[in-house]
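Below is one structure; the comments refer to it alone.
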Amino acid sequence: MIIELNQNIMDSNDSRAEEIRGILAKNRVVMINIISSPGSGKTSLLEQTLEKLGAHFKLGIIEGDVNTNRDARRLERFGLPITAVNTRGACHLNSTIILKALGKLPLDNLDCIIIENVGNLVCPSEFDLGEHAKIAVSSVPEGDDKPQKYPMLFRQAKCLVLNKIDLLPYVPFDRQVFYRDIDNLNPKLPVIETSCTTGEGVDSWIEWIKGFITNQPRRLNQIDEGFSNFRRPERSR
Amino acid sequence: MHEFSIAWNIVEIITKAVEDNRLIRVDTITVEAGELRQIVPESLEMAFDALKTEGDRSEEIKNCRLKLVIIPQVVSCNDCECEFYPEDLCYLCPQCGSINTTVTEGEGLIIKSIEGETAE
Ligand SMILES: Nc1nc2c(ncn2[C@@H]2O[C@H](COP(=O)(O)OP(=O)(O)OP(=O)(O)O)[C@@H](O)[C@H]2O)c(=O)[nH]1
Ligand SMILES: [Mg+2]
Ligand SMILES: [Zn+2]
């Protein structure tokens with residue numbers, strides 16, 4: 001006999017993502033999920049972001065890594081709540097991992113949680129983490145063909161950061177091809193060019209993310225002068 | 001390798017379906033995957049075959065074959081209502097040029113059906 005099931009294979013992940021959305025809404029927290037290939041600059045962008053956005057919002061970080069906690073250690077100097085999670089070899093974070101990580105963050109005291117996903121352009125886009133936005137990071141030395149080769153992520157992203165533009169003079173990267181493909185794939189996608197090395201363009205990214213957090217339908221626990229738990233970012237240099 | 005997680009979920013779902021429907025044997029399951037999900041058929045098959053025969057899995061599913069059907073994309077224009085296939089990954093409406101388009105098919109990932117033998 002044939003039994004018609006018509007069941008969504010991602011049900012177990014998606015239902016936990018729904019639970020996460022409930023928790024975030026209750027605590028009025030915005031959650032952002034940064035996705036890119038290995039080495040495009042997710043952690044570098046986070047370093048820039050924590051430094052510049054930390055003065056405006058109370059931030060928490062979920063640092064996804066396959067096996068180590070090296071990236072989490074790079075961010076420790078900011079003195080912000082950070083939870084490192086290992087996927088133990090898997091190439092993506094899922095909603096079970098995030099649900100657990102949320103339990104370790106002071107949710108009632110946060111405005112925004114930023115997730116650094118595991119470096120991969122295919123798998124992370126399959127998994128709904130209950131986030132408000134997926135952010136794609138692509139970088140110049142990876143080449144201009146990434147949107148064509150990995151369309152799902154570029155379709156889903158709410159913002160695309162094109163990083164390492166300081167390398168444009170040295171590597172073949174056809175901006176026209178890149179933008180033409182993006183405009184065909186996802187014409188409403190904002191693209192922000194940055195260099196985390198020189199700092200160029202980072203302010204535009206900060207403006208975008210500020211606007212995004214502020215425009216979410218929620219009341220923000222904006223930092224005021226009297227807020228005592230908040231530690232200013234410590235500079236290592 | 002998101003195919004591994006997907007195969008894991010499939011095995012969980014059919015294991016439950018075996019109990020719910022009191023099947024004594026599952027022969028075939030049909031999975032429909034949207035073209036956009038970027039599933040590599042060989043990887044899914046390999047992961048499924050490895051997981052379905054894992055130690056504590058029920059005997060009923062150990063000879064089950066996975067049939068994967070890739071569903072091509074269908075995009076519809078919210079302005080002129082025409083339907084089209086996104087040739088060269090272009091999601092702009094080929095008729096009116098609108099950027100207001102919605103993918104209506106080719107994004108899903110479902111177990112369509114399960115074929116097997118019941119007790120009586
Ligand atoms: N030239 C240049 N190098 C950069 C830039 N941003 C990051 N890098 C370098 O690129 C390398 C990878 O950066 P990360 O920030 O660790 O990249 P990631 O995406 O977090 O990497 P994974 O977590 O391993 O996936 C480091 O050596 C950075 O210094 C940039 O804008 N320009
Ligand atoms: Mg990193
Ligand atoms: Zn149209």
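The values are calculated or read from the model by the stated rules, or taken from the named source; none is laboratory data. Source: prediction; values computed, not measured. With ideal geometry, Cβ positions are generated from the backbone for all residues, glycine too; neighbour counts draw on all protein chains shown. Surface accessibility is based on the protein's heavy atoms, side chains included, excluding ligands, DNA and RNA. Shrake-Rupley method; radii C 1.70, N 1.55, O 1.52, S 1.80 Å.
Scan the helices (runs of 4 or more DSSP H) fully inside region A:1-110 and keep the ones with 1 or more residues being free of Cβ contacts under 8 Å to residues at least 40 places away in the same chain, out of contact with any Phe, Trp or Tyr (no Cβ under 9 Å at 6 or more places or on another chain) and surrounded by 18 or more Cβ atoms within 10 Å (Cβ to Cβ).
Answer list for region A:1-110: A:70-75, A:95-102.
Might you check whether a residue that is touching a Pro at 6+ places or on another chain (Cβ under 6 Å), more than 16 Å from ligand 3 (Cβ to nearest atom), within 14 Å of another protein chain (Cβ to nearest Cβ) and not hydroxyl-bearing (Ser, Thr, Tyr) occurs anywhere in region A:70-92?
Scanning region A:70-92 turns up at least one residue that is touching a Pro at 6+ places or on another chain (Cβ under 6 Å), more than 16 Å from ligand 3 (Cβ to nearest atom), within 14 Å of another protein chain (Cβ to nearest Cβ) and not hydroxyl-bearing (Ser, Thr, Tyr).
If the requirement is being of a type outside the set (Phe, Trp, Tyr) and within 11 Å of chain A (Cβ to nearest Cβ), which of these qualifies: B:42, B:12, B:54?
When all the criteria are applied, what remains is B:12.
Which of the residues that make up region A:111-132 are away from every other protein chain (no Cβ under 14 Å) and either outside any loop (DSSP other than H, G, I, E, B) or surrounded by fewer than 22 Cβ atoms within 10 Å (Cβ to Cβ) (or both)?
A:112, A:113, A:114, A:115, A:116, A:132
Can you give me the number of residues within region A:135-150 that are within 18 Å of the chain's Cα centre (by Cα) and surrounded by fewer than 22 Cβ atoms within 10 Å (Cβ to Cβ)?
The qualifying residues number 1.
Could you list, in sequence order, the residues of region B:57-82 that are aliphatic (A, V, I, L, M), within 16 Å of ligand 3 (Cβ to nearest atom) and either away from chain A (no Cβ under 13 Å) or in contact with a Cys (Cβ under 7 Å, 6 or more places away or on another chain) (or both)?
If the condition is that a residue be aliphatic (A, V, I, L, M), within 16 Å of ligand 3 (Cβ to nearest atom) and either away from chain A (no Cβ under 13 Å) or in contact with a Cys (Cβ under 7 Å, 6 or more places away or on another chain) (or both), then B:74 is the only one that fits.
Look at residue B:7 and say whether it is in a strand (DSSP E or B), under 27 Å from residue A:88 (Cα atoms) and of a type in the set (Gly, Ala, Ser).
Judged against the criteria, residue B:7 is not a match.
Say we look at region A:135-159 and pick out the residues that are free of Cβ contacts under 8 Å to residues at least 40 places away in the same chain and basic (Lys, Arg); which of these is farthest from the other protein chains (Cβ to nearest Cβ)?
Going through the qualifying residues, I end up with A:149.
Among the candidates A:107, A:162, single out the residue that is away from every other protein chain (no Cβ under 14 Å), in contact with a Gly (Cβ under 9 Å, 6 or more places away or on another chain) and within 11 Å of ligand 1 (Cβ to nearest atom).
Of the residues listed, the single one that is away from every other protein chain (no Cβ under 14 Å), in contact with a Gly (Cβ under 9 Å, 6 or more places away or on another chain) and within 11 Å of ligand 1 (Cβ to nearest atom) is A:162.
Checking residue A:197 against (1) open to solvent by less than 50 Å² (accessible area, probe 1.4 Å); (2) within 23 Å of residue A:51 (Cα to Cα), only one condition comes out false. Which one?
Just one mismatch for residue A:197, condition (1).
Name the pairs whose Cβ atoms lie under 8 Å apart, with the first residue in region A:172-184 and facing another protein chain (nearest Cβ under 10 Å), the second among the hydroxyl-bearing types (Ser, Thr, Tyr), and 6 or more positions between them or separate chains?
A:184/B:91
Residue by residue through region A:1-57, note down the ones that are basic (Lys, Arg) and within 14 Å of chain B (Cβ to nearest Cβ).
Across region A:1-57, the qualifying residue is only A:16.
Would it be correct to say that residue A:15 is at pLDDT 95 or above, among the hydroxyl-bearing types (Ser, Thr, Tyr), near ligand 1 (Cβ under 10 Å from one of its atoms) and farther than 21 Å from residue A:215 by Cβ?
The answer is no for residue A:15.
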